[in-house]
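Have a look at the structure below before the remarks.
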Amino acid sequence: MPRGLVTLPNTISLSRIVLALAFVLVPDAWARVVLIAVAGFTDFMDGWLARHRKTESTAGALIDPLADRVFVFVAISTYLVEGQLTTGQYFLFLTRDIATAVGFLVAKIIPTLRPAVFRARMLGKIVTVFQLIALVTIPILPELTDLMIITIAVVSAASIVDYTIALWRGRTRTTIA
């Protein structure tokens, strides 16, 4: 196993995948709220521990956001399957995630963008916070679902612009000889 892969922060990050499975298996809304709270807490703790224990790693930088996306994707997909969201709401909720994935692929395909590094940005973190709030709101206060989805869509649009500008500024130019 590569050094730095099995660390406490990475293990905490990976626990969100187990929490995602539990989310599907537990039908009670309040139990799901607890799972969301635990997932949010682990998202804070893994980064905090990595910084304070000086165990930050490339693996951790990949595992953390991947575990976040898995948890959110599984939770929101569960709500869609259960009929708590429309298909349109589902895709608005995931707008930033879809755009980030497409942007990552484009950055890898276009030669002048290949060296660009995707890093967490404040607007992206704000989208994640709103997503977690929405995951709690949808089953507990369904009358606020539309407002939460619109909020996520607006902040996601701003986040997409922010990521695009950061990627554009961070690209390297190649010259044709």
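The values are calculated or read from the model by the stated rules, or taken from the named source; none is laboratory data. The shown structure was predicted, so the numbers you read here are calculated from the model rather than taken from an experiment. Note: ideal-geometry Cβ built from the backbone for every residue, glycine included; neighbour counts use all protein chains shown. Side chains are part of the model used for accessible areas, which takes the heavy atoms of the whole protein and leaves out ligands, DNA and RNA. Shrake-Rupley method; radii C 1.70, N 1.55, O 1.52, S 1.80 Å.
Taken together, LEU14, LEU92 contain a single residue that is under 20 Å from LEU144 (Cα atoms), under 18 Å from the mean Cα position of the chain (by Cα) and crowded, with 16+ Cβ neighbours inside 10 Å, which is LEU92. Does VAL33 satisfy the condition of being in contact with a helix residue (DSSP H, G or I) (Cβ under 8 Å, 6 or more places away or on another chain) and either of a type in the set (A, V, I, L, M) or over 30 Å from PRO139 (Cα atoms) (or both)? Spelling it out, VAL33 is indeed in contact with a helix residue (DSSP H, G or I) (Cβ under 8 Å, 6 or more places away or on another chain) and either of a type in the set (A, V, I, L, M) or over 30 Å from PRO139 (Cα atoms) (or both). Here is a check on your reading of the model: is THR58 among the polar types (S, T, N, Q) and open to solvent by 30 Å² or more (accessible area, probe 1.4 Å)? Answer is yes for this residue.
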